Each structure stands twice: as structure tokens, then as C-alpha cells.
1. Tell me, how many Å apart are the Cα centres for region 300-343 and for region 58-96?
2. Going Cα to Cα from LYS2, which aspartates and glutamates come in below 13 Å? Please leave out same-chain ones fewer than 8 positions away.
3. Can you spot the lysines whose alpha carbon is less than 23 Å from LYS254's alpha carbon? Ignore those fewer than 8 places along the same chain.
4. Helix 70-83: angle to the longest alpha-carbon principal axis of the chain, degrees 0 to 90, nearest 10?
5. Between SER135 and TYR9, what is the FRET efficiency for a Förster distance of 35 Å, r being their Cβ-Cβ separation, to the nearest 0.05?
6. What are the ³J(HN,Hα) values, in whole Hz, obtained from phi via the Karplus relation 6.51 cos²θ - 1.76 cosθ + 1.60 with θ = phi - 60°, for each residue of region 270-283 in sequence order, with x given for Gly and Pro?
7. 5 Å is the cut-off here: which amide hydrogens, built 1.01 Å from N in the peptide plane, fall below it relative to GLY57, excluding neighbours closer than 5 in sequence?
8. On the protein heavy atoms, probe 1.4 angstrom, tell me the percent of accessible surface of region 276-339 carried by carbon and sulfur.
Amino acid sequence: MKIGLEIGYLTPGSGDPVALAREAEAAGFDSVWVSEAWGSDAVSVLAWIGARTRRIGLGTAILPIGSRTPALLAQTAATLDLLSGGRFRLGLGVSGPQVMEGWHGVPFARPVTRLRETVAVVRRILRRAAPLTFSGETLQLPMPAGTGLGKPLRIMLHPRRAEIPIWLATIGPQATELTAEVADGWLPFLYSPEQAAAVWGPALAAGAARRTRPDPLEIAPMVDTALGEDLPRLRDRLRPGIALYVGGMGARRKNFYNDLVNRYGYPDAAREIQDFYLAGKKQDAAAATPDALVDELALVGPAARIAERAAAYREAGVTTLIVAAPVNEEGGAVPGGLDALRRACG
């Protein structure tokens, strides 16, 4: 099992992403992944990291497909892959209606179909076999309306690789089935290795039966980490992050992460976390996050305990474990923490 580093997105206390990426490269990590929500953009941060590293793989985790056209996604992938010497992996996801409609002002409609067609258009552009045309259910290129002057074009840049890996961040059954069918890698979040087979197994199997890619699907969950001896205090450092997604990433009637925790068998906790979070009681939402759920979704405790949990991910079929830089009991950085994680998980 390989190990990657999740940088996340820039926050006031997030530190220097380049220093973290270089530390990960020196520790033997396989890849570094940068997130995007409604703050820092992933492409700028990843380009900054790529310019100051030499070996480590570079991935977006994730670029929301509604924030950019498929053509711009292909241009970005081709450019970063060329400039980095073939190290880039394009991580994509649908995000959710709160962000797509509220922040980007684009409809959140037919997201799985849009994701399928985006992947197809990006691959068509990168292969440069012909000027771009596409007739889908959500995408038509050239667009049929407008001035009527649109014409099929071929990307001017010659990509270093015609098959830049495309990884999809999905958790719902239909989107996960699509991932197993068309993607090179899968980036699930709030992943439980013990429950993966029951929750995602049927969707992965159905998609694999129609798989169009030559290699097996890479499975790469993104996992928060806390490293130290005081287990209760370490759990407390991770609860707010879980509560944010279960309680606040979406509306009451549309929160994919809350639905997932329900499927894991925590319906009462999922409801309570969401009730608190939507009422503005974020500390109460964090406190309502059960110890068992933290242990199931994160790597927490001393190195030996983390090694045991890493084994569970390996047994579940995970090929790359993407970990966040570990925090200690005070919420600060752990000196040598990335190397310790690499040794515990490798």
C-alpha cells in the first residue's frame, strides 16, 4: 500500500504547503493532493508545489466539475503534467448544490451524467485524435446555441501523456459505480475499511463489470490523522472536522456525508450532529461525534495503533492511503510526523 499526503486547502493556520510536500517527498510518499472548496484554488497551490519538488506525484483532490469547463480541465491537466514531467493526476468530483449553485452559480443537475460526460470530453481532448466534438445529454460541443460561430478545435498543446490518470471523488452508489467503470482511481472520503464492502461493494462490482480502463481501479481514501499517546484528547482534535462534513457540508435534505454516516449505522449521531451544526452549535456538533466513529474514519493514537488501523485499510483493498499531516494533542504539528506515518502505514 502506497501513502500519499493530503494538503487540503489553505487556511489561516495551515502552514507552508511546499514545506509539507517536500517533507513528504523526503519521507518517501508516493503523492501529494490539494483540495478545493470556496477558498484557495487547488491548481495554483499544486503548481507552486510542483515547481519546488522533483519526484512526488501531484493530484487535485478535488476539482469540482461545475467550476470549470471540461476543456479547461483538460488544458489544466495537460499543462501541469507537462511542466511537472508527467507527475499529474486529475482528481474530479461533483461537489454539491450548496457550492455549485451558491458559490459558482451553475446548476447542480444530473451530476453523475455530467461527471461521465466530463471524463469522456477530457480524455477526447488529451488524445488529440480529432478536433473536439461531443454530443451528450449535458454537454454539446460545439454548443448548438449562441452565435453559431463555434467550431471544433484541437488542443494546441501536445500533452506529454495522452492518458493522464483521472481519479474521481465519489461516495454515492451511482457515482461510485461510474468511478469503477471509467476512472483510473477512486478518492472516497469518510471511508470505513470495515464497512467498505457492504456500503460500496455492490456499486464497485457493477461498475467493474463494465470497466473500460486497462488497469485495475486504484482505491485511495483520504484520512485525517492524530499522532500521540493521549487518545481522548487526540480524538477531540479530529471531531470538528468530521462534524463539519456530517453536519455542515450541505443542507438538511441534501448532505452526502450525513447520508454516508447513516449507512454506516450511526443514524442518531448523524441527526444530532446535523441538528447542532445547522443551529450554529459547532462545538456541540463536534462533541456529539462518537468515539467509535472517529476511530472508524481516522488514524488516531500512537504509532503502533495507527499501524494496526493501516492494516485494516490494506485488507480492505486500499492501494494508496492519503493521509493528512498528523496533529498532536494540542492540535499542533508533530515533528517528524510524516515519516512516522509513512513507517506505520507502509
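1. Cα centroid of region 300-343 versus Cα centroid of region 58-96: 27 Å apart.
2. LYS2 reaches GLU25, ASP30, GLU218.
3. LYS281, LYS282
4. 70 degrees
5. My answer for the efficiency is 0.50.
6. 4, 5, 5, 4, 5, 4, 4, 5, 6, 8, x, 9, 5, 5
7. Under 5 Å from the amide H of GLY57 lie the amide H atoms of SER31, VAL32, each far enough along the sequence or on another chain.
8. 54 percent
The values are calculated or read from the model by the stated rules, or taken from the named source; none is laboratory data. Keep in mind that what you see is a predicted model, and the values were worked out from it rather than measured. Cβ: placed from backbone, ideal geometry, glycine included. Neighbour counts: every protein chain shown. Just so you know, the surface numbers come from the protein's heavy atoms only, side chains and all, with ligands and any DNA or RNA stripped out. Shrake-Rupley method; radii C 1.70, N 1.55, O 1.52, S 1.80 Å.
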